[in-house]
C-alpha cells in the first residue's frame, strides 16, 4: 500500500491532562487524573481506518495502534475526527491508570482488563471501556507512526492508590453524612430508649447511608503531575 492511502496529520510534542479526579459512581470516570508529557513528534491518522487497512499499514509502513495518550494530545489540538466510524479502538486496555507510564506509551492493566475505546456522536467523542466481545462491528482503528522508542525509565504513577487516604475519607463521610444524621433522626423521632437499645442498628444504617452517597458524590482526588521527571500528586506538595 501507499502511505497516502491514509490521511496523516503531524502532532508535535506536548503535555495533556487525562483521567478523572471524581470517584462518584455516576459522575466519575477512570482515575486518577494525571499529566502525560509526550516528548516526540508523531503522525496520526486523521480518521480511523478499517481493520484490514490497519493490518496492511502495520506490515508495510510500520504503523501502530494509537495509544490513548497520543489520541488525547491530538484531539486536544483538533487534529482528528471520527469520520464515518461510530467508535474506534485504541491500544490501551485497563480499568484504571494506576501504574501507568506517562510518556505517551499505551497503558495495559491486569490481564482481562477492558479495552479503552472512543465513541463518536454529534456532541463529539467520549471515552468508554469495553471487553473485546462488546466492541461494535462498526469500530475503526486509529493509527500512529512514531520515529522513536520509549525510555526505559519513564515517569510512572504508583501501581496502587493510597488506601489509607480512601479509608479515612470514607470513614469521615459515613460519620458526617450517615451516622450522625441517623442518631439525630432517632433523637427527635424514635421512641424513648431506642437509641440506647438500637444504637448498633443506627451505626450500621448510617454506614450504609454514607456509602450510598458515593453514587452521586465524592471529594475531588489529587491530580498526579510531572515534576522534575517524576510523578507527584497534589497531596504531596
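Here are the numbers for this structure:
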item	result
Burial ordering of 16, 176, fewest other beta-carbon atoms within 10 Å first	176, 16
Relative contact order %, the chain, counting alpha carbon pairs below 8 Å whose residues are six or more apart	23
Principal axis dimensions, largest first and in whole angstrom, of the stretch 1-118 by Cα	46, 29, 25
Part-to-part distance (alpha-carbon centres) for the stretch 1-57 and the stretch 138-187, which is given in Å	22
Within the chain, helix-based [θ] at 222 nm, where runs of 4 or more DSSP H residues each add -39,500 (n - 2.57), nearest 500	-8000 deg cm²/dmol
Ranked list, fewest to most other Cβ atoms within 10 Å of each Cβ, for 49, 144, 203	203, 144, 49
Potential lengthening between residue 175 and residue 209 on full extension [0.36 nm per residue; Cα-Cα distance subtracted]	11.3 nm
For peptides 116-122, 77-83, sequence by mean Cβ density within 10 Å, most packed first	116-122, 77-83
Peptide ranges 188-194, 87-93, 153-159, 29-35 listed from the most packed, as the mean C-beta count within 10 angstrom indicates	87-93, 29-35, 153-159, 188-194
Gain on full stretching of the segment that runs from residue 95 to residue 123 - 0.36 nm per residue minus C-alpha separation	7.6 nm
Cα Rg, Dmax (largest Cα-Cα span) when computed across the chain, Å	23.0, 84
0 to 90° range, to nearest 10: angle between helix 51-61 axis and the chain longest Cα axis	60
Label-point separation in nm, residue 197 to residue 60, each point 7 Å along Cα→Cβ	8.3
Rounded FRET efficiency, nearest 0.05, which uses the C-beta distance separating residue 228 from residue 86 and R0 of 45 Å	0.60
Extension gain (nm, one decimal) between residue 151 and residue 189, 0.36 nm per residue minus Cα-Cα	7.3 nm
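Computed from the coordinates by the stated procedures, all read-outs in this text should not be read as laboratory data. Not measured: the values here are computed from a predicted model. Virtual Cβ from ideal backbone geometry, glycine too; neighbours counted across all protein chains shown.
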